[in-house]
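Student: Right, I'll just put the structure down here and ask away after.
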Protein chains: 2
Amino acid sequence: MTATHDDPALIALDWGTSSLRAWLLDGAGRPIEATRAPLGLMQIADRNFAAAFDAVAGAWRVRWPHLPALAAGMVGAAQGWVEAPYLPCPAGPDELAGALAAVPERHLFIVPGVIRRVPANVMRGEETQVAGALALRPDLAARSRLVLPGTHSKWVRVEEGRIVGFDSWMTGELFAVLKDHSILGRFSRDGAAAPGADEAEAAFLEGVDAARAAGRASGLYFSARARVLAGELAPGAALDYLSGLLIGEEIAAAWAPGETPLLIGDAALCRRYRLALARFGAAGAEEVPDAALAGLWRVANAAGLATPERS
Amino acid sequence: MTATHDDPALIALDWGTSSLRAWLLDGAGRPIEATRAPLGLMQIADRNFAAAFDAVAGAWRVRWPHLPALAAGMVGAAQGWVEAPYLPCPAGPDELAGALAAVPERHLFIVPGVIRRVPANVMRGEETQVAGALALRPDLAARSRLVLPGTHSKWVRVEEGRIVGFDSWMTGELFAVLKDHSILGRFSRDGAAAPGADEAEAAFLEGVDAARAAGRASGLYFSARARVLAGELAPGAALDYLSGLLIGEEIAAAWAPGETPLLIGDAALCRRYRLALARFGAAGAEEVPDAALAGLWRVANAAGLATPERS
């Protein structure tokens, strides 16, 4: 019997700072099995990446010892398993596939990150999500603008299927550190009641509108506290207002009138970006909820890695 | 014998979130004795403000039981000893003196904060520093622009000796939380060698220039990491570059061409603001290193509080 499309063809890993997701894919790139473990770079002691890999993919390798594995994300950073140096723009699936770093002891390959120079900017993991989003939405490959909201939001320009430029906003991390460690999170940390969904959304949109009107928001961050002290905002809604300020500021700086960007990532977060973009006049932004798997499959194919193997 | 100008006339307290400074002043507002204790609002358990007051000023009160005391700062906040509600702009020494909150059990008065509405903004403590700076520099009372750099930087407009408007930037706190808790402080937290003074200043000015060129900096924060990964910036200088981005962003938003603001506060911080302002073309900014004491004296006099008492 020869191998079929239903046989395993690739072990795919999305390996970031705080988590590791892994899939066993068939010859059409469909997941046969999936798993997830809290084995991101931050959790792995003594750089024991091999043990982490075995914990999520070892059982598959026992059954299919020759199955190739492809990983994307921070596992290829300098502090990762094996460094996969940044590729310059323009970079698409073919360029990424041609610059994989190898971990021979596990027949594993790692997708490189992408760098833009002047001013310097880097991504690692997002390049694979972009490849996946374009595989899912080939109509956007010719020329498009993709937004990957998150800890370090990326706004990416694509031309002819390749990343030609991008910018980064630390919106997610900025929100997290201000919430957990600054005076702006004090009301919530002191137990202010969380607002209802409608009140939260209204406060969020007030923040978006304020940032949009000002064009920038750093001079407004403190108003997330001052408006509460002035009785204009419920203490529990201060962080929703702040979230609106930060996302509004990102859009004010990154979005160009007329653009309808494609949003890639977590559904709840993409929804907030969609609401905020609508306030700027960019209605109808579409979403791709999770593009990592499709991107790993796309790069694996460009590298000639995905070959079905019979058990 | 009657009281003279050399006899004690006032106990003055600058009472903030993290420290408490106290002075015994003579009838000309000159310090006879000074003390400082780590008894800010954050350190005081069970709201035992009376015990904190006694710890720094109790010995003076034993000798001069009727000496009035005047405090400014967060001690007058809702979470302080007694709330001194915010006064609306315009507010100067006379308005502040007319709205003191009283703590009768210790013959203590507290200076109110100031609020600006639409958008809401508050200060508490800075209003007294502004009164002090104008007492020290009466030539600036008619019309001036004062900058109080710090945790929550204030840019204040003064007309006819009164605060007519102000804005807040969380520059100091933003820097602190990004340094201590975000990926931008990782190099330093992981032990990157601190740069020499010249290298630190050069990186700081690069950050100022980048923020100035862009007009806003939130899209550049991540470059404090990316430039290191790209080999453009020493790991130990990443935080100096970030400091330049944040201060540059504040100035880009707050400073109007042609203005030469007066800087009030910590000398090292004022020096960084002076360097940054010079990059924007605002050379020659002057400084008032510590205006709290002069402000407390100015408000006490406006309130008729400062009366020499013989021991």
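Student: If I model a spin label as a point 7 Å beyond the Cα along the Cα-Cβ vector, how far apart are those points for A:Asp180 and A:Asp209 in nm?
Tutor: About 3.2 nm, to one decimal.
Student: Roughly speaking, what is the stretch gain from B:Ala51 to B:His107, that is 0.36 nm per residue apart minus the C-alpha to C-alpha distance, in nm to one decimal?
Tutor: Difference between extended and current length: 18.7 nm.
Student: Give me the orientation-averaged projected area of the Cα convex hull of region A:210-264, in nm², one decimal.
Tutor: One quarter of the hull surface, i.e. the mean projection, equals 4.5 nm².
Student: I would also like to ask the following. Averaged across the residues of A:115-125, what count of C-beta atoms belonging to other chains lies within 10 Å of each residue's C-beta?
Tutor: 5
Student: Given Cα pairs under 8 Å that are at least 6 residues apart, what percent is the relative contact order of region A:156-235?
Tutor: 22 percent
Student: Ignoring everything except DSSP H segments at least 4 long, calculate the 222 nm mean residue ellipticity for chain A; use -39,500 (n - 2.57) per segment, divide by total residues, nearest 500.
Tutor: Result for chain A, helices only: -11000 deg cm²/dmol.
Student: Moving to a separate point now. I need the inter-copy label distances for A:Asn301: point set 7 Å along Cα to C-beta, values in nm with one decimal, smallest first.
Tutor: Those label-point separations list as 8.2 nm.
Student: Neighbouring Cβ atoms within 10 Å as the yardstick, rank B:Thr35, B:Thr4 fewest first.
Tutor: By the 10 Å Cβ count, ascending, the order reads B:Thr4, B:Thr35.
Student: Over chain B, what relative contact order in percent results from Cα pairs under 8 Å that are six or more residues apart?
Tutor: Working: 643 pairs, mean separation 61.8, N = 311.
Computed over chain B, the figure is 20 percent.
Student: If you average the C-alpha positions of region B:236-258 and of region B:1-62 separately, how far apart do those two centres end up, in angstrom?
Tutor: 36 Å
Student: Taking each pair of different alpha-carbon atoms in region B:135-250 once, compute 1/r for the pair, average those values, and report the inverse of that mean as the Kirkwood hydrodynamic radius in Å to one decimal.
Tutor: It works out to 15.4 Å.
Student: What do you get for Rg/Rh over region B:198-311 if you use C-alpha atoms and the Kirkwood form of Rh?
Tutor: A ratio of 1.20.
Student: Could you name the lysines in cross-link range of A:Lys154, using Cα to Cα under 27 Å and dropping any fewer than eight places away on the same chain?
Tutor: Hits, sequence-local ones excluded: A:Lys179, B:Lys179.
Student: Just the Kirkwood number for the protein assembly as shown, please: inverse of mean 1/r across all distinct Cα pairs, in Å, one decimal.
Tutor: Details: mean 1/r = 0.0369 Å⁻¹.
Its Kirkwood hydrodynamic radius stands at 27.1 Å.
Student: Now a separate question. Can you give the FRET efficiency to the nearest 0.05 for A:Glu159 and A:Ala193, using r as the Cβ-Cβ distance and R₀ = 51 Å?
Tutor: 0.60
Student: Once both labels are modelled 7 Å past Cα along the beta-carbon direction, what's the A:Asp266-A:Glu286 spacing in nm?
Tutor: Taking the simple label geometry, A:Asp266 and A:Glu286 are separated by 2.4 nm.
Student: Suppose every K and R has +1 on its Cβ and every D and E has -1 on its Cβ; what is the size of the dipole of region B:81-239 about the Cα centre, in Debye to the nearest 20?
Tutor: Here the size comes out at about 360 debye.
Student: Suppose R0 equals 25 Å; then what is the FRET efficiency for A:Ser19 and A:Val118 from their Cβ-Cβ distance, rounded to the nearest 0.05?
Tutor: Details: r = 33 Å, r/R0 = 1.31.
FRET efficiency, A:Ser19 to A:Val118: 0.15.
Student: For region B:141-219 and region B:82-138, what is the centre-to-centre distance using only Cα atoms, to the nearest Å?
Tutor: 25 Å
Student: Would you please report the Å³ per residue occupied by the convex hull of the alpha carbon atoms in region A:148-209?
Tutor: 114 Å³
Student: Additional query: Determine the principal axes of the Cα atoms in region B:53-96, then give the extent along each, sorted from largest to smallest and rounded to whole angstroms.
Tutor: Principal-axis extents of the Cα atoms in region B:53-96, largest first: 39, 25, 12 Å.
Student: For region A:39-143, what does the equivalent ellipsoid look like in terms of its semi-axes, each the square root of 5 times an eigenvalue of the Cα gyration tensor, given largest first in whole Å?
Tutor: 26, 18, 11
Student: So how strong a dipole does the protein assembly as shown carry about its Cα centre when Lys and Arg Cβ are +1 and Asp and Glu Cβ are -1, to the nearest 20 debye?
Tutor: Values: 58 positive and 70 negative charges, 12 e Å.
That gives a dipole near 60 debye.
Student: Something else now. Calculate the spin-label point distance for A:Arg30 paired with B:Arg279, positioning each point 7 Å from the Cα along the beta-carbon direction, and give it in nanometres.
Tutor: Result: 5.7 nm between the two label points.
Student: Based on Cβ point charges of +1 for Lys and Arg and -1 for Asp and Glu, what charge dipole magnitude is obtained for region A:204-302 about its Cα centre, in debye rounded to the nearest 20?
Tutor: Dipole about the Cα centre, nearest 20: 120 debye.
Student: Quick one: Debye curve from the alpha-carbon atoms of chain A only, equal weights, vacuum; give me log10 I(q)/I(0) at q = 0.06, 0.09, 0.10 Å⁻¹ to two decimals.
Tutor: -0.23, -0.51, -0.61
Student: Any idea what the A:Phe280 label distances to the other copies are, label 7 Å down the Cα→Cβ vector, nm, shortest first?
Tutor: So the label point of A:Phe280 gives 2.5 nm to the other copies.
Student: Tell me, rounded to the nearest percent, the portion of alpha carbon pairs in region A:249-311 spaced more than 13 Å apart.
Tutor: Distances greater than 13 Å cover 68 percent of the Cα pairs.
Student: Follow-up. Kirkwood hydrodynamic radius for region B:1-63: how many Å is it when counted over pairs of different Cα atoms?
Tutor: Over region B:1-63, the inverse of the mean reciprocal pair distance is 12.4 Å.
Student: Something else about it: Test of understanding: in a Gaussian network model of chain A with alpha carbons linked when under 10 Å, which of A:Arg36, A:Arg106, A:Arg63 would top the mean-square fluctuation ranking?
Tutor: Between A:Arg36, A:Arg106, A:Arg63, it is A:Arg63 that shows the largest mean-square fluctuation.
The numbers here are math on the coordinates, done by the rules we state, and not lab data. Here the structure is a predicted model, which is why all the values come from computation and not from measurement. With ideal geometry, Cβ positions are generated from the backbone for all residues, glycine too; neighbour counts draw on all protein chains shown.
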